[in-house]
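Participant: Below: one structure in structure tokens.
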Amino acid sequence: MPIFTEHQQEVAETLRDTASKSDWTDWKWHIRHSIKTVDDFERVLGITFPEKKKQIFERTVRKFPLSVTPYYLSLIDVDDYENDPVFLQSFPSPEELKIGRYDMADPLHEDEDSPAPGITHRYPDRVLFHISNTCSMYCRHCTRKRKVGDVDSTPSRIDLEQGLEYIRNNPQVRDVLLSGGDPLMLSDEKLDWILTKVREIEHVEVVRIGTRMPVVLPYRITHDLVNMLKKHHPLWINTHFNHPRELTASSRRALKRLADAGIPLGNQSVLLSGVNDCQRLFKTLNQKLVKNRVRPYYMYQCDLSEGLTHFRTPIGKGIEIIESLRGHTSGFSVPTYVVDAPGGGGKIPVMPNYIVSWGPNKVVLRNYEGVITTYNEPSSYEPNYCDRECSTCNLQLKENDAEEKAIGIEKLLSDWDDTTSLTPENNERLERREDAA
């Protein structure tokens, strides 16, 4: 499939008469020409909303801003746009103005769990580091609708330094997730600076980046960006595909660049009513992701953020989808279904119940086909009593890497041993050397 289709050419020329393929593949061009008004949306797609509907759409945009990249907008099926998954994720709905009884501005209490600017510290060994409040596209289902796009809350250099200082001063933090907004909205140079500073902190073992750029603006994944990211291994990237139609030729090319650079890729989908609440769609999506070296990581229940009631499904729908995946596709194609607990309780895994019953010596289980089987518990198992006195424990509590050892000729063949020759004991020549010394 060509990277610059005829339809995309039409979209580009609507925004700028002289638009070319080089413009279309320039991610900064898309940022400059992002669609931010209902009028522009109509003009670029060639559709006309009824006047009364349009007024409601514009009222929604005043509360929750609109911003869509020309690339992502070009994926919309104009002939059936009202049911199109790209349209539903990118265009404002009047349903967003209906604030439900249980809706919250900050349902995950990220602000309350923030001990320093930009830092959310919820789990013991990892922190979320908000380094950007802007995105190339404002997803209508975003849990951070309260702050994304708010230029007044964009992290300053001082904010970033304070966040870095917090990480330095907390040695239990071994995993840092760079989030936003979208971290890849930053320039290569600024992102390189942040990654370098985080990497300099000795106790930080892993750095992750959460981004939707491969989905909504894959041209951001440039050779220069990837070459910079490669300097900061071990680095992981999680992206956010919600529907199979989002995996275009351009997206696949972006994912290939990242995977070829040795960056492990994961995906975090959100279960959205009317967009992807279908077993068939999720199976296709996850199999396409795996084919492109992306591991389905989480499937999120839609959060209780303000204005998202119309996107939420019952938890039973998510369990039904997982039920349709487990056993019916590869295990690494099945994400963990989680509810991010309101009030900052963290991610709670939810899954079908495969334990039918449980006795003293036996567990009754059922598989994906409905087969009922048993697992006999060991009759002689004696649990290792733990009194928290690790120095007297009979387990081998050696947590450092095992030392690689070579014996005999293997020493000369190994890469980790500096031995260059083997000399028998009582060698007369070496004894003469010692006598002469």
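The values are calculated or read from the model by the stated rules, or taken from the named source; none is laboratory data. Every value quoted in this text rests on a predicted model; they were computed, and no experiment measured them. Using ideal geometry, Cβ is built from the backbone for each residue, glycine included, and neighbour counts are taken over all protein chains shown. Only protein heavy atoms, including side chains, enter the accessible area calculation; ligands, DNA and RNA are left aside. Shrake-Rupley method; radii C 1.70, N 1.55, O 1.52, S 1.80 Å.
Participant: Exactly one of these conditions fails for Glu369: (1) open to solvent by less than 100 Å² (accessible area, probe 1.4 Å); (2) under 30 Å from Glu323 (Cβ atoms); (3) charged (D, E, K, R). Give me its number.
Facilitator: Result: Glu369 fails condition (1) only.
Participant: When the range 296-354 is examined, which residues are found to be in contact with a Gly (Cβ under 7 Å, 6 or more places away or on another chain) and either open to solvent by 50 Å² or more (accessible area, probe 1.4 Å) or assigned to a loop (DSSP other than H, G, I, E, B) (or both)?
Facilitator: Tyr297, Thr309, Val350
Participant: If you don't mind, another one. Considering only residues that are crowded, with 19+ Cβ neighbours inside 10 Å and in contact with a Pro (Cβ under 7 Å, 6 or more places away or on another chain), which ones fall in the range 171-209?
Facilitator: Leu191, Ile209
Participant: If you don't mind, another one. Please work out which one of (1) in contact (Cβ under 8 Å) with a residue 24 or more places away in the chain; (2) farther than 19 Å from Pro296 by Cβ; (3) within 20 Å of the chain's Cα centre (by Cα) is the condition Thr336 fails and give its number.
Facilitator: Among (1) in contact (Cβ under 8 Å) with a residue 24 or more places away in the chain; (2) farther than 19 Å from Pro296 by Cβ; (3) within 20 Å of the chain's Cα centre (by Cα), Thr336 violates only (2).
Participant: A follow-up question, please. Taking Tyr71 and the conditions (1) open to solvent by less than 10 Å² (accessible area, probe 1.4 Å); (2) of a type in the set (Phe, Trp, Tyr); (3) more than 23 Å from the chain's Cα centre (by Cα), which numbered condition does it fall short on, given that it satisfies the others?
Facilitator: Here Tyr71 clears every test but (3).
Participant: Within the range 253-272, restricting attention to residues that are touching a Lys or Arg at 6+ places or on another chain (Cβ under 9 Å) and in contact (Cβ under 8 Å) with a residue 40 or more places away in the chain, which residue is nearest to Asp340 (Cα to Cα)?
Facilitator: Checked the range 253-272; the qualifying residue nearest to Asp340 (Cα to Cα) is Leu271.
Participant: May I ask you to verify whether Glu431 is of a type outside the set (Val, Ile, Thr) and more than 30 Å from Ile321 (Cβ to Cβ)?
Facilitator: Criteria met by Glu431.
Participant: Test Glu434 against the stated conditions and say whether it is open to solvent by 80 Å² or more (accessible area, probe 1.4 Å) and in contact with a Phe, Trp or Tyr (Cβ under 6 Å, 6 or more places away or on another chain).
Facilitator: no
Participant: Consider only pairs whose beta carbons are under 9 Å apart and that are at least six residues apart or on different chains; among these, list those whose first residue lies in the range 61-84 and is within 22 Å of Arg212 (Cα to Cα) and free of Cβ contacts under 8 Å to residues at least 24 places away in the same chain and whose second residue is part of a helix (DSSP H, G or I) and among the basic types (Lys, Arg).
Facilitator: Listed pairs, sorted by first residue: Asp77/Arg245; Asp84/Arg245.
Participant: Also, quick follow-up: Looking for something within 16 Å of Val86 (Cβ to Cβ), at pLDDT 95 or above, open to solvent by less than 20 Å² (accessible area, probe 1.4 Å) and part of a loop (DSSP other than H, G, I, E, B) - is there at least one such residue anywhere in the range 263-275?
Facilitator: Yes: the range 263-275 contains one or more residues that are within 16 Å of Val86 (Cβ to Cβ), at pLDDT 95 or above, open to solvent by less than 20 Å² (accessible area, probe 1.4 Å) and part of a loop (DSSP other than H, G, I, E, B).
Participant: Here's another thing I want to ask about it. Of everything in the range 226-248, what is in contact with a helix residue (DSSP H, G or I) (Cβ under 7 Å, 6 or more places away or on another chain), open to solvent by less than 40 Å² (accessible area, probe 1.4 Å), part of a helix (DSSP H, G or I) and more than 18 Å from Trp24 (Cβ to Cβ)? Give them in sequence order.
Facilitator: Val226, Met228, His232, Pro244
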